Amino acid sequence: MSDGTAGASGAGDSLRPADVETPLRRFVADFAESRLAVVGFALLSLIVLIAFFAPLIAPQNPYDLLEVNILDSMLPPGETGGAGYVHLLGTDDQGRDMLSAIFYGMRLSLTVGVTSALLSMAVGTTIGLVAAFAGGRVDSFVMRVVDIQISFPTILIALILLVALGRGVDRTILALVVIQWAYYARTVRGAAIVERGKEYMEAGLCLALPRYRLLFNHLLINCMPPLLVVFTVLIAQAVALEATLSFLGLGLPITQPSLGLLIANGYDYLLGGRYWISVFPGVALLLTLVSVNLVGDQLRDVFNPRLRR
Amino acid sequence: MAGRQSSPILEVERLRTHFMTRAGIVKAVDDVSFAISAGEIMGLVGESGSGKSITGLSIMRLIDVPGRIVGGRIRFRGEDLAAAPEQRMRALRGSRIAMVFQDPLMTLNPLLRVGTQMAEAITAHNREVSRTEARARSRDALGRVGIPAPEERLDAFPHQLSGGMRQRVAIATAILNEPDLIIADEPTTALDVTIQAQILHEIRKLCRQTSTAMIWITHDFAVIAGLAGSISVMYAGRIVEQGHLDDILDRPLHPYTRGLIRSVPSRNRRGRPLHQIQGSPPNLLALPGGCAFRDRCPHTDDVCNAEPDLELVRAEQAARCFHPQLEALA
Amino acid sequence: MPKGVTKITAFIIRRLLQTVVVLIVMAFGVFVSVYAIGDPVDMLIDPAATEAQRLEAMRNLGLDRPLWEQFARFIAGAAQGDLGQSFVYKIPAIELILLRLPATIELTVAALILAVGIGIPAGILAGLYPSAWFSRTIMSVSILGFSLPSFWIALMLIMIFAVALGWLPSTGRGDVVTVFGVDWSFLTIDGLRHLVLPALSLSLIPMALMIRMARAGMREVWLTEYVKFARAKGLSPIRVIGLHAFPNTLIPIITVLGLELGSLLAGSIVTEVVFAWPGIGRLVIQSIGVLDRPVIVAYMLITVSLFILINLVVDLLYAVIDPRVGYGDARK
């Protein structure tokens, strides 16, 4: 299991402090083993930065009617609009600069994705820990619900909820949380049951440490690796699902165009050859999802001791 | 040491099997030579990771990428297996050379009946054999390895049999085509001691009856002690000592062999602490130059920074060591 | 043998009972949530209609009754196979769904065939030769299939094959042939051409999944001793792969396949909308747009029932493949 001795036999005599392998260094080194994952991480960082600073770096505020000129509608990429600057990615049917719309759309998509992933992690982790510690009937009931929930197609659950609740950022997030909590609950419960049996937990119980401290300081930290992997995967799932729902006209309202809604808006013009209104937001979505998944995949490999060579 | 009896059935010469991993080349088997005659049982002894299983798989030519046989010859009845085409190897596997593996719980396909898995070993090499005949031969083989009610066992699924039973099934499958050579990769390690003894007894009997040669791979001198005629001890992909079983048990030359033998519990040393070899097996990716056992050896000096060769120290007993220990074990 | 049969019968009965419970809970949930939304009368009648006409319309649709009574009538009807009448089409909702279902089934099955037929062999290849160039290509495709939402894939397929190359049509079912009173596209050349893009776009996600599972399963099984033992017996590679390695990777694959068939039924919503494929998915999205409640409810119930049925069949299939599976009280 531990590779601690592996390096020792070939190591030289002088171990400078800088050469000591800390868990973080080890993690970074393992992660960087895949060049693709590093590229994914760089791309993801860039996307997050763009989303965060969208209002500062976008050429225009696509929501501000004063900045958007309907006369500039459907300009192909590279044309100069009425405001005097080049629309690198063209404009849409209302004259909005696509580059700006994409920056703002990314911001919205990531916000929805990350918020719902965090919320479902909070809900799911709590339920999973409770199930693991309560055991017995509570545990089997919770896990039965989790099984049923996970086996149902996500889009069906989202459909039922959004039909009932209507469109909106908050409602979409709620629907995503309802869909995703179960994955966290199952992951945490599984990990917690394994960790619970380990010696440090028994030692903690013998020392009469308070239960909540055991739960949060010890258990949770040891459940972190699988949680982190699930977290990245589910962020990607949340972003993709939100885009799908918005594309179907069930997710975000028209006033708040995420990437999915931008793609849907452009869809009508796609067959007519005005590809840019749909394709560029599509590429942005693609890059976002692929980069999150690349990072998630590598995390899984790094944390999975079975795949270690 | 070879050539004492009739001409050997298998001669391995300077076999080298390497694994090209992302982290570097692992020389799992490096310059290994030995020979076995018909009816002889040779023990191949070493710690896990010493290359003994890879040696067995190399003879079967069952090395998968990233591993490859990069050098040497495997002469089986005069034919070099290292250079034989895959087609030829398939004809030899299971018919002239059979192999039995370590984990009794994993050695049979869980989805197929025992009878199916045995019969296919016959029909793969002889299409003319009818189903009933293959079944009858399978049943006989089960009987020969001491399985009661063999007819019923043929229709059983592996999970319905105990670990010992499954390992007997594997051995029965190996002897179905009366091979010239059986490679047994620690087949009794996972079994409890009484069953282990029974199986060892039956195997010895079978080899004597059919004059089948056998390579018995193990990490445990206690298992090999009553079984083998000759011994090759492997360490870090190389043979470090070679000779007759009795010679090696009484007067092991290499410090590593001595350590292995002294770590076996024994009646005449009762009450004394069991010996253990210091340190752990070396990382094959970062083998230091010179003697690979240097770091764990109590007799190391500057000479050991050079590479030792496997040299005859006594008649028919060779060791790869600059400081062979000549006195008998206490 | 008889003992095994009774065990399986008991298992089926237990699962069917569970199914009924899940269905009733689902029905209630769906009913309440669907009925919580806006007033369909607003959308169905002329905005200029008088109050009297409005009330008349509501009475005709049964919308003037309290919610519990509507639910009771709905359940009573549902038990007899009557899920109410579509507000829009003026025919029974269940009839409407059954009318559109063949198109969806056709699409789903075509997608599944593509996913299995391409995904599993590709996955096995990638598992047997993990470092070959084609394995890397296969895995990249699978990562893309995983990362991308199906509507995006659908748009790209339309962009490439319909708009840019003009090879294939992008909307509708094309020519159909009527067999046993049901229209099928796959029996005509034109219908097949219309089926290709929607089926391909729907299949990419399950195909990616099949590739991954077949590859991972193959790599894992290939290292087991029973595969080594089979090879050591001198069996042909085809027999080793086909009889010893591959069947042992099947159990997880079949589980996932069953779940995927359900997901495909639901996922076809997106594909049908993009390709204007006249199945139940497009129908439900249109019905949501006009608040045609009976159709929405009927869609949910039928989809969920199908889904649960598929899962039951999958559980039973285990026994055929794996002799170790028993049908005791506890499932492992």
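The values are calculated or read from the model by the stated rules, or taken from the named source; none is laboratory data. Since the structure is predicted, the reported quantities are computational estimates derived from the model, not experimental observations. Backbone-built Cβ (ideal geometry, glycine too); neighbour counts: all protein chains shown.
Hey, residue B:87 hits all of (1) surrounded by fewer than 18 Cβ atoms within 10 Å (Cβ to Cβ); (2) among the polar types (S, T, N, Q); (3) in a loop (DSSP other than H, G, I, E, B) but one; which does it fall short on?
(3)
Consider residue B:231 carefully, then state whether it is in contact (Cβ under 8 Å) with a residue 60 or more places away in the chain and buried (at least 20 other Cβ atoms within 10 Å of the Cβ).
Here the answer is yes, as residue B:231 does meet what is asked.
For residue B:50, only one of the following conditions fails: (1) surrounded by fewer than 22 Cβ atoms within 10 Å (Cβ to Cβ); (2) among the small types (Gly, Ala, Ser); (3) outside any strand (DSSP E or B); (4) in contact (Cβ under 8 Å) with a residue 60 or more places away in the chain. What is its number?
All conditions pass for residue B:50, except number (1).
In this structure, does residue B:70 turn out to be aliphatic (A, V, I, L, M), more than 30 Å from residue B:259 (Cα to Cα), touching a residue at least 24 places away in the same chain (Cβ under 8 Å) and buried (at least 19 other Cβ atoms within 10 Å of the Cβ)?
Values: aliphatic (A, V, I, L, M): yes; more than 30 Å from residue B:259 (Cα to Cα): yes; touching a residue at least 24 places away in the same chain (Cβ under 8 Å): yes; buried (at least 19 other Cβ atoms within 10 Å of the Cβ): no.
Against the criterion (aliphatic (A, V, I, L, M), more than 30 Å from residue B:259 (Cα to Cα), touching a residue at least 24 places away in the same chain (Cβ under 8 Å) and buried (at least 19 other Cβ atoms within 10 Å of the Cβ)), residue B:70 does not qualify.
Looking at residue C:200, is it closer than 12 Å to residue C:150 by Cβ, more than 11 Å from every other protein chain (Cβ to nearest Cβ), surrounded by fewer than 23 Cβ atoms within 10 Å (Cβ to Cβ) and touching a helix residue (DSSP H, G or I) at 6+ places or on another chain (Cβ under 9 Å)?
Considered against the rule, which asks whether it is closer than 12 Å to residue C:150 by Cβ, more than 11 Å from every other protein chain (Cβ to nearest Cβ), surrounded by fewer than 23 Cβ atoms within 10 Å (Cβ to Cβ) and touching a helix residue (DSSP H, G or I) at 6+ places or on another chain (Cβ under 9 Å), residue C:200 comes out as yes.
Hey, among the residues in region C:128-159 that are β-branched (Val, Ile, Thr) and more than 11 Å from chain A (Cβ to nearest Cβ), which one's surrounded by the most Cβ atoms within 10 Å (Cβ to Cβ)?
Residues of region C:128-159 that are β-branched (Val, Ile, Thr), as a first pass: C:137-138, C:141, C:143, C:153, C:158.
In the following step, the residues that additionally are more than 11 Å from chain A (Cβ to nearest Cβ) were identified as C:137-138, C:141.
Numbers: C:137: 12, C:138: 24, C:141: 17.
Checked region C:128-159; the qualifying residue surrounded by the most Cβ atoms within 10 Å (Cβ to Cβ) is C:138.
Determine if region C:230-241 includes at least one residue that is closer than 27 Å to residue C:200 by Cβ and facing another protein chain (nearest Cβ under 10 Å).
So far as region C:230-241 goes, no, none of its residues is closer than 27 Å to residue C:200 by Cβ and facing another protein chain (nearest Cβ under 10 Å).
Would you mention how many residues in region B:274-310 are more than 24 Å from residue B:33 (Cβ to Cβ), more than 14 Å from chain A (Cβ to nearest Cβ) and in a loop (DSSP other than H, G, I, E, B)?
Counting residues in region B:274-310 that are more than 24 Å from residue B:33 (Cβ to Cβ), more than 14 Å from chain A (Cβ to nearest Cβ) and in a loop (DSSP other than H, G, I, E, B) gives 8.
Quick check on this structure: which one of B:151, B:241 is out of contact with any strand residue (DSSP E or B) (no Cβ under 7 Å at 6 or more places or on another chain) and either closer than 30 Å to residue B:281 by Cβ or outside any strand (DSSP E or B) (or both)?
Sole residue among the options that is out of contact with any strand residue (DSSP E or B) (no Cβ under 7 Å at 6 or more places or on another chain) and either closer than 30 Å to residue B:281 by Cβ or outside any strand (DSSP E or B) (or both): B:151.
Restricting region C:257-297 to residues that are within 30 Å of residue C:219 (Cα to Cα) and either away from chain A (no Cβ under 11 Å) or among the charged types (D, E, K, R) (or both), which is surrounded by the fewest Cβ atoms within 10 Å (Cβ to Cβ)?
C:257
Which one of B:172, B:184, B:190, B:156 is touching a helix residue (DSSP H, G or I) at 6+ places or on another chain (Cβ under 8 Å), within 13 Å of chain C (Cβ to nearest Cβ), touching a residue at least 12 places away in the same chain (Cβ under 8 Å) and assigned to a helix (DSSP H, G or I)?
B:172
Give the residues of region C:108-153 that are closer than 12 Å to residue C:208 by Cβ and without any contact (Cβ under 8 Å) to a residue 24 or more places away in the chain, sorted by residue number.
Once the filter is applied, which keeps residues that are closer than 12 Å to residue C:208 by Cβ and without any contact (Cβ under 8 Å) to a residue 24 or more places away in the chain, region C:108-153 yields C:140, C:147.
Got a number for residues in region C:53-92 being small (Gly, Ala, Ser), in contact (Cβ under 8 Å) with a residue 60 or more places away in the chain and either at negative phi or assigned to a strand (DSSP E or B) (or both)?
So the count comes out to 2.
Counting only residues that are over 25 Å from residue A:248 (Cα atoms) and modelled with pLDDT under 80, how many does region C:155-184 have?
11
Is it fair to say residue C:229 is aromatic (Phe, Trp, Tyr) and within 30 Å of residue B:56 (Cα to Cα)? Write out each step before concluding.
On the way: aromatic (Phe, Trp, Tyr): yes; within 30 Å of residue B:56 (Cα to Cα): yes.
In short, yes.
Which is surrounded by fewer than 23 Cβ atoms within 10 Å (Cβ to Cβ), out of contact with any strand residue (DSSP E or B) (no Cβ under 9 Å at 6 or more places or on another chain) and under 21 Å from residue A:248 (Cα atoms), of A:129, A:176, A:118, A:161?
Numbers: A:129 fails: under 21 Å from residue A:248 (Cα atoms); A:176 fails: surrounded by fewer than 23 Cβ atoms within 10 Å (Cβ to Cβ); A:118 fails: under 21 Å from residue A:248 (Cα atoms).
Every option except A:161 fails the conditions.
Within region B:94-151, take every residue that is within 12 Å of chain C (Cβ to nearest Cβ) and small (Gly, Ala, Ser) and give me the one that is nearest to the chain's Cα centre (by Cα). If you could, list the steps in order and put the result at the bottom.
Narrowing region B:94-151 to residues within 12 Å of chain C (Cβ to nearest Cβ): B:94-114, B:116-127.
Checking the rest, the ones that are also small (Gly, Ala, Ser) come to B:94-95, B:98, B:119, B:121, B:124.
Working: B:94: 16, B:95: 18, B:98: 12, B:119: 25, B:121: 21, B:124: 25 Å.
Here the answer is B:98.
Filter region A:280-289 down to the residues that are at the interface with chain C (Cβ under 7 Å from one of its Cβ atoms) and either surrounded by fewer than 21 Cβ atoms within 10 Å (Cβ to Cβ) or not aliphatic (A, V, I, L, M) (or both) and list them by number.
Within region A:280-289, A:282, A:286 qualify.
Of all residues in region A:215-262, which are assigned to a helix (DSSP H, G or I), within 14 Å of chain C (Cβ to nearest Cβ) and more than 17 Å from residue A:290 (Cα to Cα)?
Selection gives A:245, A:246, A:247, A:261, A:262.
Filter region C:266-301 down to residues that are under 18 Å from residue C:30 (Cα atoms), of a type outside the set (S, T, N, Q) and in a helix (DSSP H, G or I), then give me how many there are.
Of the residues in region C:266-301, 18 are under 18 Å from residue C:30 (Cα atoms), of a type outside the set (S, T, N, Q) and in a helix (DSSP H, G or I).
Among the residues of region B:26-46, which ones are surrounded by fewer than 22 Cβ atoms within 10 Å (Cβ to Cβ) and either free of Cβ contacts under 8 Å to residues at least 24 places away in the same chain or assigned to a loop (DSSP other than H, G, I, E, B) (or both)?
Within region B:26-46, B:37, B:38, B:39 qualify.
Of the residues C:16, C:63, which is modelled with pLDDT of 75 or more and among the aliphatic types (A, V, I, L, M)? Quick ask: steps written out before the conclusion?
Working: C:63 fails: modelled with pLDDT of 75 or more.
Of the residues listed, the single one that is modelled with pLDDT of 75 or more and among the aliphatic types (A, V, I, L, M) is C:16.
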